[in-house]
Amino acid sequence: VRARVMQVEHSPDVTYEDIGGLDEQMNEVRETVEMPLKSPEMFTKVGIQPPSGVLLHGPPGTGKTMLAKAVANQTDATFIKMAGSELVHKFIGEGAKLVRDLFEVARENEPAVIFIDEIDAIASKRTDSKTSGDAEVQRTMMQLLAEMDGFDERGEIRIIAATNRFDMLDPAILRPGRFDRLIEVPKPEIEGRELIFKIHTRDMNVADDVDFGELAELTEGASGADVKAVCTEAGMFAIREDRTEIRMADFEAAWEKTSQAEEPDADDSL
Ligand code: ATP
């Protein structure tokens, strides 16, 4: 069961250089996750505890998972990912046990970065907690809080959670000693989009007429994942015309196509 819900990767190959437009967020993650792993003695000497858990929140596809992977890469740590939704929906009744397993795998593979995506699936405030499904969700969350409470903050395991439903979260998980450091990961501004275009075209055969500044302007509202999709689609346009060089017009057509495909999802922005 473990293997099917947990993604375990030693020192994943994402680096800070692969992430565009999140300098502030990157610095915060370095300070709160990387520093305690790399220089725990600093915290001991100064006499403070690093934050227990870090919560990344923001819209889908903005680089939250990348940030967590990049820290694991930088610290040569094992990256252990689990999605909140899988914890409670995939193996009914197994949620609490899976949380125990998660921390056990982390202890066996120190240093480790535990990444819990979609934390809202096990930690949302609910109006009706009487159904049995909800009781199971509740138990899973209690187990997570128990693991975090019995945790050595100066140890070799760090926990990062992510959500794109921050408004739905149960405030209990945000208390001191839990996910007490919040980092907002927003959609990129124009400068960020330009950087992300440059990152995702690093290995592409791009024509001289391609203007990343103009593309950044054009793709207002796009997430990092959207920008990546535009780059891939632009490459497809070139392939369809049997060209190996990707032109500005390909990127423009790709944006037209991918942004139209997204429209039915307009209330994603909530
Ligand atoms: P979700 O909430 O959907 O899990 P997420 O915020 O964790 O999303 P990621 O999985 O980190 O998003 O991003 C998805 C993909 O989009 C990445 O693999 C990367 O290719 C691209 N991407 C997203 N944000 C950025 C960024 N800031 N810089 C470069 N690439 C990005």
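Scanning the stretch 29-46 for residues that are among the acidic types (Asp, Glu) and open to solvent by 60 Å² or more (accessible area, probe 1.4 Å) turns up GLU31, GLU41.
Which residues, counting only those in the stretch 161-181, are assigned to a helix (DSSP H, G or I) and either within 16 Å of the ligand (Cβ to nearest atom) or touching a Cys at 6+ places or on another chain (Cβ under 8 Å) (or both)? Passing the criteria: PHE166, ASP167, MET168.
All but one of (1) closer than 23 Å to ILE114 by Cβ; (2) of a type outside the set (Gly, Ala, Ser); (3) buried (at least 21 other Cβ atoms within 10 Å of the Cβ); (4) within 11 Å of the ligand (Cβ to nearest atom) hold for ARG158; state the number of the condition that does not hold. Of (1) closer than 23 Å to ILE114 by Cβ; (2) of a type outside the set (Gly, Ala, Ser); (3) buried (at least 21 other Cβ atoms within 10 Å of the Cβ); (4) within 11 Å of the ligand (Cβ to nearest atom), only one is false for ARG158: (4). Within the stretch 1-13, the set of residues being open to solvent by 20 Å² or more (accessible area, probe 1.4 Å) and either over 26 Å from LYS97 (Cα atoms) or not in a loop (DSSP other than H, G, I, E, B) (or both) comprises ARG2, ALA3, ARG4, GLN7, VAL8, GLU9, HIS10, ASP13. In the set (1) modelled with pLDDT of 90 or more; (2) open to solvent by less than 20 Å² (accessible area, probe 1.4 Å), the condition left unmet by ASP117 is number (2).
Does ILE173 fit the bill of being of a type in the set (A, V, I, L, M) and surrounded by 13 or more Cβ atoms within 10 Å (Cβ to Cβ)? Yes, satisfied. Taken over the stretch 47-85, the criterion of being of a type in the set (D, E, K, R) and buried (at least 18 other Cβ atoms within 10 Å of the Cβ) is satisfied by LYS64, LYS69, LYS81. Looking across the stretch 95-114, the residues that are open to solvent by less than 60 Å² (accessible area, probe 1.4 Å) and either closer than 15 Å to GLN143 by Cβ or touching a Leu at 6+ places or on another chain (Cβ under 7 Å) (or both) come down to GLY95, ALA96, LEU98, VAL99, ASP101, LEU102, PHE103, VAL105, ALA106, PRO111, ILE114.
Search the stretch 197-241 for residues being open to solvent by 90 Å² or more (accessible area, probe 1.4 Å) and in a helix (DSSP H, G or I), and hand back the single one that is farthest from the ligand (Cβ to nearest atom). Filtering first and then ranking leaves ARG240. Reported count of residues in the stretch 58-91, each being more than 12 Å from the ligand (Cβ to nearest atom) and out of contact with any His (no Cβ under 9 Å at 6 or more places or on another chain), is 12. Within the stretch 162-169, can one find any residue that is under 30 Å from SER52 (Cα atoms), touching a Lys or Arg at 6+ places or on another chain (Cβ under 8 Å), surrounded by fewer than 17 Cβ atoms within 10 Å (Cβ to Cβ) and of a type in the set (A, V, I, L, M, F, W, C)? The answer is yes, given that some residue of the stretch 162-169 is under 30 Å from SER52 (Cα atoms), touching a Lys or Arg at 6+ places or on another chain (Cβ under 8 Å), surrounded by fewer than 17 Cβ atoms within 10 Å (Cβ to Cβ) and of a type in the set (A, V, I, L, M, F, W, C).
The values are calculated or read from the model by the stated rules, or taken from the named source; none is laboratory data. Owing to the predicted nature of the structure, the values given are computational and were not obtained by experimental measurement. Virtual Cβ from ideal backbone geometry, glycine too; neighbours counted across all protein chains shown. All accessible areas refer to the heavy atoms of the entire protein, side chains included, with ligands and DNA or RNA removed. Shrake-Rupley method; radii C 1.70, N 1.55, O 1.52, S 1.80 Å.
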